[in-house]
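The values are calculated or read from the model by the stated rules, or taken from the named source; none is laboratory data. Bear in mind the structure is a predicted one, so any value in this text is a computation, not a measurement. Cβ coordinates were reconstructed from backbone atoms using ideal geometry, including for glycine residues, and neighbour counts include every protein chain displayed.
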Amino acid sequence: MALVAEPGNNRLAAILLFVITVIVVYMLCFHWFIIRQIDYGNEISELSEQLGRYQRVAQQKVVYESLLQDLLERRPDQSLFLEGEDFNEAAAEMSERLGQMINTQAEDTCQIVSRQPVRPRVQERFQKVTVNVRMRCGIEDFRKIMYSLETSVPMVIADEITLIKPRARRRANRDATNQPAALDIRFNMSGYLGRGGES
């Protein structure tokens, strides 16, 4: 007795064979291509995202340039610092500068008695240079010298100012002199080295 395949079974077998053939062809011919396209799509997406970030940064260039300029303008002005290479040179520079101001802006009665450099006890970001000064000078001359000292460059700060009025002297005929006596003045003048300086 011969077996005869039913028509429905033949159709199902043909469909299954066709599906298997399509899968095999897909795996052999098209799978790698589709995977490659997916990878390309991911790379394009990443590159597009990076390009977007770069474009946003480029658009903010003007803002960043403005911020940079503002920082540069706020940077400490080098002209405000003393020009000496170390503490001793800077102290000598300030002392010489004070002497020049006295010679050009004060009367002959205004004189420096002593100048003593004083090293700072506390370390700061910029090395502080201080000179302790004692001088005899009239109050008006001293006021002009202090104004010139603190408003010119490099920057010098005067502090711990002490004014001592000497006892009035009388002439031989016991008449009080009409000329104001020079004051005994003591103060500190300080500046900073821009590069930190050597101790």
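Structure data summary
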quantity: Residue, nearest to GLU96 (Cα to Cα), within the stretch 175-185, restricted to residues that are at pLDDT below 90 and of a type in the set (A, V, I, L, M); calculated: ALA182
quantity: Filter result for the condition that a residue is under 17 Å from LEU183 (Cβ atoms), aliphatic (A, V, I, L, M) and out of contact with any Cys (no Cβ under 9 Å at 6 or more places or on another chain), over MET146, MET135; calculated: MET146
quantity: Selection status of THR162, in a strand (DSSP E or B) and under 17 Å from GLY194 (Cβ atoms); calculated: no
quantity: ARG119 being more than 25 Å from the chain's Cα centre (by Cα) and either at pLDDT 85 or above or not β-branched (Val, Ile, Thr) (or both); calculated: yes
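Residue-wise test of (1) at pLDDT 90 or above; (2) hydrophobic (A, V, I, L, M, F, W, C); (3) touching an Asp or Glu at 6+ places or on another chain (Cβ under 7 Å); (4) surrounded by 12 or more Cβ atoms within 10 Å (Cβ to Cβ).
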| site | (1), (2), (3), (4) |
| --- | --- |
| GLN111 | yes, no, no, yes |
| VAL131 | yes, yes, no, yes |
| ASN173 | no, no, no, no |
| PHE187 | yes, yes, yes, yes |
